[in-house]
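A short worksheet on the structure shown next.
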Amino acid sequence: MYHTLIVDDEPLMRKYLGENLSKIFPDFQVTGIACDGLEAVELIKKQHFDLVISDIRMPEMDGINLAKYIFDAGLRTKVAIISGYNEFEYARLAIKYNVSDYLLKPLSDSQIRETLVKIKSELDEDVLRNHIQSPTLYENASETDLKLSLLSAIINRENTVIQNLYNLIEKNNISFTGSFSTLLILSIDDLYLLLNEKTVSENTSYSLRLYQHCVSYCIPNNLTAVKDDYGNTVILINADSEEELSALVNNTYSRIKKEWPFEQIKLIASYGNIVKDMLNLATSYDLAMQSSALVLKNETSPISSSYYISQSRFIHELTTICDSLASNYIAKNWNKAISDLYLYVKLFSDPITIARFLRFGTYLIRFLARKCNIKSDQMIFAFQVLTDHIDEWINIPYHDTDTAQEILLRVYKALDQEDSFRIVPETTHITESAKEYICTHYQEQISLSQVAEHLNVTPSYLSDLFHKNIGEPYTKFITRIRMEQAALMLKINPNEKIYNIASKTGFVSAKHFNSVFKKYYGVTPTEYISK
């Protein structure tokens, strides 16, 4: 999966590419969106991007100067320029700064896909060069090194590297997988680090110790263990039958856990589906990663793929909400994020204990870090915000939804430090406070007067601020929030009764809800589900 930054001053183009790029070509995922070149540079300083797709004419810094910045900085990031102008000078400069493609508007999906196929080929070649500097590099490699390199390439889906290493393994008659295979993933449980007052940087240290500990077990037992990009240890386990494989997985985890020297630091383990084909190990890895989320339900390790299937509804809800929060983070849509965090907290299930809150909080931080390619220094600050209130909470057995949602919002914004601490005018502060209050109380019968009273301002003044700072009246804003949340609830649980959705989004009757929904989306809730 290649990380992509979209840079365009046109909101519709940003929205279209942000929502459709992965659909056009799944190997590329949008992990950043910027309105101009200067904003893009700030994102590039904080995050890694494999590809930048930029409009050519923008205020502040245009696409050519952005390409020049990337070229002068010596970054390996590929650049594709979008232009409405077929001018030689633009094309000449694009070539000068190693721009991979020069796209003319209007764009078509086929044109975008053709460009992405070409750029993927270039990126794949770069990956291959990084792994194999010369054709003979692996010729004299040991059997162990070949296995480690192949397993690492499989979980990272580096197809060219896989093909080259597979050919070498076949040539040397090396046994890599058995009749049945699976991948076991082990990681440090963040909850016990936080409860033992360890920092997130110490997580990296313990993750390295865990990897070394696993390697020392795997080598004499003829098992292959590698470290993935997220600090997890991944172990390849083979057997002649499914029953034997399951027993071997449990035995491997038990032995590693028993000999783990840091008793106060707990481990999490999960394993993917059992496969017969080596190339399907990537899906086993994906399923093992997704299964690890079930630690949120206090499931004991190792978590199996069969248990994951039995919990498919919870996983679907969790993934849907977290994906939406990731999209909001990329687009800096804090108001939608507030509403989504309300749904996220509802997943905790009552009562909200300190342990449950911390576990869900750490999961969200790490999910967003993976999905949005967030660097470790931003994660460290988010973990600090998460743990700031532990001392206050430690003597309180249970906590309310509003408090949990409020703290998670601070954690969420802490992942984007620059935006979190920007000084804003008082009028903007009042508007943002109003939006936050609405987004956390939209399920209630709240009026403009109630919101104004909460903020200690007059209703007429707040109404003027809505028109001036948001560009729409209060009624349209709250309707939009309710409709977006209703649509998300219908996606998460299509079987939910319509009158329940109506009640949860602040409508007094299902009839009124149906009427507003159809007016807003052009279809009834039932038709929306069927589509």
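Derivation of every value follows stated rules applied to the coordinates shown; laboratory data play no part. Model, not experiment: these values are computed from the prediction. Neighbour counts run over all protein chains shown; Cβ positions are idealised from the backbone, glycine included.
Just from the alpha-carbon atoms, what are the Rg and Dmax of region 2-130 in angstroms?
13.3, 37
According to a simple spin-label model (label point 7 Å from Cα along Cα-to-Cβ), what is the distance in nm between residue 436 and residue 332?
Taking the simple label geometry, residue 332 and residue 436 are separated by 1.7 nm.
Can you sort 234, 249, 516 from fewest to most other Cβ atoms within 10 Å of each residue's own Cβ?
The order, fewest Cβ neighbours first, is 516, 249, 234.
Tell me, in nm to one decimal, what length is gained between residue 109 and residue 276 on full extension, where the rule is 0.36 nm per residue of separation less the Cα-Cα distance?
Working: separation 167, 0.36 × 167 = 60.12 nm, distance 3.61 nm.
Gain on stretching residue 109 to residue 276: 56.5 nm.
Just to be sure I follow: if Rg is taken over the C-alpha atoms of region 445-495 and Rh is the Kirkwood radius over the same atoms, what is Rg/Rh?
In region 445-495, Rg relative to Rh is 1.13.
Which value in deg cm²/dmol, rounded to the nearest 500, describes the helix-derived mean residue ellipticity at 222 nm for the chain, given -39,500 (n - 2.57) per DSSP H run of n ≥ 4 and division by the residue count?
-18500 deg cm²/dmol
Over the C-alpha atoms of region 177-310, what are the Rg and the largest Cα-to-Cα span, Dmax, in Å?
Spelled out, the Cα radius of gyration and Dmax of region 177-310 are 14.2, 45 Å.
What is the calculated FRET efficiency for residue 163 to residue 457, with r their C-beta to C-beta distance and R₀ = 45 Å, to the nearest 0.05?
After rounding, the FRET efficiency stands at 0.10.
Dividing the alpha-carbon radius of gyration of the chain by 2.2 N^0.38 Å (N being the number of residues), what value is obtained?
Rg over 2.2 N^0.38 Å, computed on Cα atoms: 1.06.
Size of region 269-375 along its principal axes in angstrom, Cα-based, largest extent first?
That gives 46, 32, 24 Å along the principal axes, largest extent first.
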